[in-house]
1. Considering each residue of the range 38-49, count those that are surrounded by fewer than 11 Cβ atoms within 10 Å (Cβ to Cβ) and free of Cβ contacts under 8 Å to residues at least 24 places away in the same chain, and give that number.
2. Among the residues of the range 9-36, what is the count of those that are near the ligand (Cβ under 8 Å from one of its atoms) and either exposed (fewer than 13 other Cβ atoms within 10 Å of the Cβ) or touching a residue at least 40 places away in the same chain (Cβ under 8 Å) (or both)?
3. Going by what's in this entry, would residue 58 be described as loosely packed, with under 12 Cβ neighbours inside 10 Å and at pLDDT below 85?
4. Looking at residue 72, is it at pLDDT 85 or above, surrounded by 11 or more Cβ atoms within 10 Å (Cβ to Cβ) and assigned to a helix (DSSP H, G or I)?
Ligand SMILES: [Zn+2]
């Protein structure tokens, strides 16, 4: 089976679809293939992308950026307080627990393992949140 060359008039709707983020994976691939070999459509795509980019940025940037920044700050404060409160509590609980000689060692072991698992999961979520906060909310249009 050979890859058929798409005529340019079939590509134009794909270009505006891509800019509106409405394409399927297959359509994106089709468009990408065509743009790689067709200078005219690649130029058209760039032109339209610039137009849309200018419109979008002009209308949305201020509102969306401000909102997401304050959301991020409140998120950071919330997480910090949570961690600050949680750490002494967990240390105290672990200390009390390990001092209690009435609890069999194997129960200590299983509960210890469970707590360790929860802490690791918590750290992972925290790490993801910090990464999400660092990354730019505005991604460039991907083909
Ligand atoms: Zn073309």
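The values are calculated or read from the model by the stated rules, or taken from the named source; none is laboratory data. None of the values given here were measured: they were computed from a predicted structure. Using ideal geometry, Cβ is built from the backbone for each residue, glycine included, and neighbour counts are taken over all protein chains shown.
1. Of the residues in the range 38-49, the ones surrounded by fewer than 11 Cβ atoms within 10 Å (Cβ to Cβ) are 39-40.
Still in the list and also free of Cβ contacts under 8 Å to residues at least 24 places away in the same chain: 39.
Number of matching residues: 1.
2. Taking the range 9-36 first, the residues near the ligand (Cβ under 8 Å from one of its atoms) are 11, 34-35.
Remaining after also requiring either exposed (fewer than 13 other Cβ atoms within 10 Å of the Cβ) or touching a residue at least 40 places away in the same chain (Cβ under 8 Å) (or both): 35.
Here the count works out to 1.
3. For residue 58, the condition - loosely packed, with under 12 Cβ neighbours inside 10 Å and at pLDDT below 85 - is met.
4. On the way: at pLDDT 85 or above: no; surrounded by 11 or more Cβ atoms within 10 Å (Cβ to Cβ): yes; assigned to a helix (DSSP H, G or I): yes.
For residue 72, the condition - at pLDDT 85 or above, surrounded by 11 or more Cβ atoms within 10 Å (Cβ to Cβ) and assigned to a helix (DSSP H, G or I) - is not met.
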